[in-house]
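Remarks on the structure that follows.
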Amino acid sequence: VTGKPLLKVADLHGWYGESHVLHGVDLEVAAGEVVTLLGRNGAGKTTTLKAVMGILPKRRGSIVFDGRETISLPSRAIARAGIALCPEERAIFSSLSVEENLMLPPQVLPGGLSREQIFELFPNLAERLSSQGTKLSGGEQQMLAIARILRTGAKLLLLDEPTEGLAPVIVQHIGRTISRLKQEGFTIVLVEQNFRFAASVADRHYVVEQGRVVDMIHNDELDENIDKLHAYLGV
Ligand code: ATP
């Protein structure tokens, strides 16, 4: 990362109750970058996103966002600072319509996308505005979950496995959406199991193992590092 990072995580530790799962995560993300967290199941990728969002109750270390230490801030203050998390389970309310789901989060910052901007990015959602959450396909639910966090005005988007369980054509659509968001100036940290997808959208990759970042690979140096990466991921 050249210049001042938008996000700098240093020696981040995190716990679930007594269980110590993050053991000193270090990473940096520059404004406008797309960075992935790769690693085996249980390595601590989701927990790292939760800690950055402030929803992991027990955490220690340093998380500087936009020049400001956020490690002790409650999640609502972190949201107001400009970070949003799209969780793996997508959290679409099944009894609410697409429109209601979309309008649920408060616009906490200026610069949140308007309905029109969201429908331009996700034309399929515009057609399904009055559909119930349960009636959506997995891909539509994922689009809705991403669209919803764009309303908040956050500039750092934390996306947890957005392609999980989706058909290849939908995965491609999500890839185009992420590239578009990057063009628009968003900064994105992505947890991904789909390695090919990660390589198609990201600038850099952090490898997480047992609650630590153990390596960083530039996307344009992926080919030289592919064996090493396969070993990390156990594929
Ligand atoms: P996955 O792809 O499986 O989600 P991950 O790298 O995101 O992998 P985490 O979900 O961050 O891994 O989990 C890190 C460790 O914390 C694992 O050992 C997991 O079993 C444990 N863990 C995760 N969530 C909880 C929880 N709510 N309570 C207790 N332990 C948890």
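The values are calculated or read from the model by the stated rules, or taken from the named source; none is laboratory data. None of the values given here were measured: they were computed from a predicted structure. Cβ coordinates were reconstructed from backbone atoms using ideal geometry, including for glycine residues, and neighbour counts include every protein chain displayed. What goes into the accessible areas is simple: the full protein's heavy atoms, side chains included, and nothing from ligands, DNA or RNA. Shrake-Rupley method; radii C 1.70, N 1.55, O 1.52, S 1.80 Å.
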Using θ = phi - 60° and Karplus 6.51 cos²θ - 1.76 cosθ + 1.60, couplings along the stretch 210-221 (whole Hz; Gly, Pro as x): 6, x, 9, 7, 10, 6, 9, 10, 6, 4, 7, 10
For the stretch 1-70 and the stretch 158-235, distance of Cα centres in Å: 16
Computed magnitude of the charge dipole of the stretch 72-201 (debye, nearest 20; Cβ of K, R +1, Cβ of D, E -1): 300
D (Stokes-Einstein, µm²/s), Kirkwood Cα radius, the stretch 1-116, 0.692 mPa s at 37 °C: 209
Highest to lowest packing among 182-195, 221-234, 57-70, scored as the average C-beta count within 10 Å: 182-195, 57-70, 221-234
Shape box of the stretch 12-54 [Cα atoms, principal axes, largest first, Å]: 36, 22, 15
Accessible area per residue, Å², the chain with all protein chains present, probe 1.4 Å: 46
Candidate aspartates and glutamates - alpha carbon under 17 Å from LYS4, same-chain residues fewer than 8 apart omitted: ASP26, GLU28, GLU33, ASP66, GLU69, ASP203
Accessible surface of the chain, 1.4 Å probe, proportion on carbon and sulfur as whole %: 50
Net charge dipole size for the chain [Lys, Arg +1 and Asp, Glu -1 on Cβ; Debye, nearest 20]: 700
Note, ³J(HN,Hα) from phi for the stretch 45-52, Karplus 6.51, -1.76, 1.60, rounded to Hz, x at Gly and Pro: 5, 4, 5, 4, 4, 4, 5, 5
All Cα pairs of the stretch 91-211, percent lying beyond 24 Å: 26
Debye intensity ratio I(q)/I(0), log10, the chain, q values 0.08, 0.12 Å⁻¹ (C-alpha model): -0.28, -0.65
Dipole moment magnitude, nearest 20 debye, the stretch 77-144 about Cα centre, only Lys, Arg, Asp, Glu C-beta charged: 120
With Cα atoms, 0 to 90° folded angle of helix 168-183 axis to the chain main axis: 80
Residues whose placed amide H lies under 5 Å from that of GLU33, excluding near-sequence neighbours: ILE188
